[in-house]
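What follows is a set of notes on a single structure, which appears directly below.
Read-outs throughout are calculated quantities, based only on the coordinates presented, and are distinct from any laboratory measurement. Keep in mind that what you see is a predicted model, and the values were worked out from it rather than measured. Methodologically, a virtual Cβ is constructed for each residue, glycine included, from the backbone with ideal geometry; neighbour enumeration extends over all protein chains shown.
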Amino acid sequence: MSAPEAFAEAKWVMTHLRPEPEALAQRREELLQELDARIAATQGSLQTLLTRLRAVLLSRRPGAAFQPRFAAEFAQALTHYKQCAETGELPAIIGQCFLYLREHVAGTGLSPLLAVVDTTHSLRKVSDTWRPWQQQRF
């Protein structure tokens, strides 16, 4: 897919998204307040993890630009936290934020788009493993 085609497809998807339901917007703001309090009270890898999660939630506000790097930075912080944490358990606020994000995706109509992305990603993995077979000469 060329860059103009990808841009046109992304534009089409964005025009078909529903606004975030008010209850979800309120929940996001409550979670952000709780994250702010926990960030101020923690340090180290947990503070970094919560700060990255906060950036992801802020990007879900209407009009905010989502940066794909937020997801990568959060994943990196999560891995680092798991390596450094004395207990293997994540704070409950993280699960609550994941639940909000899942509800946000469903509430705004992003679920079908994410299903396509997941399918494309899975197909890419399959095609990557298939390529060596295609290149062999019998």
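Points worth noting:
- Burial ordering of 97, 84, fewest other beta-carbon atoms within 10 Å first: 84, 97
- Inter-site label distance for residue 106 and residue 23 at 7 Å from Cα along Cβ, in nm: 1.1
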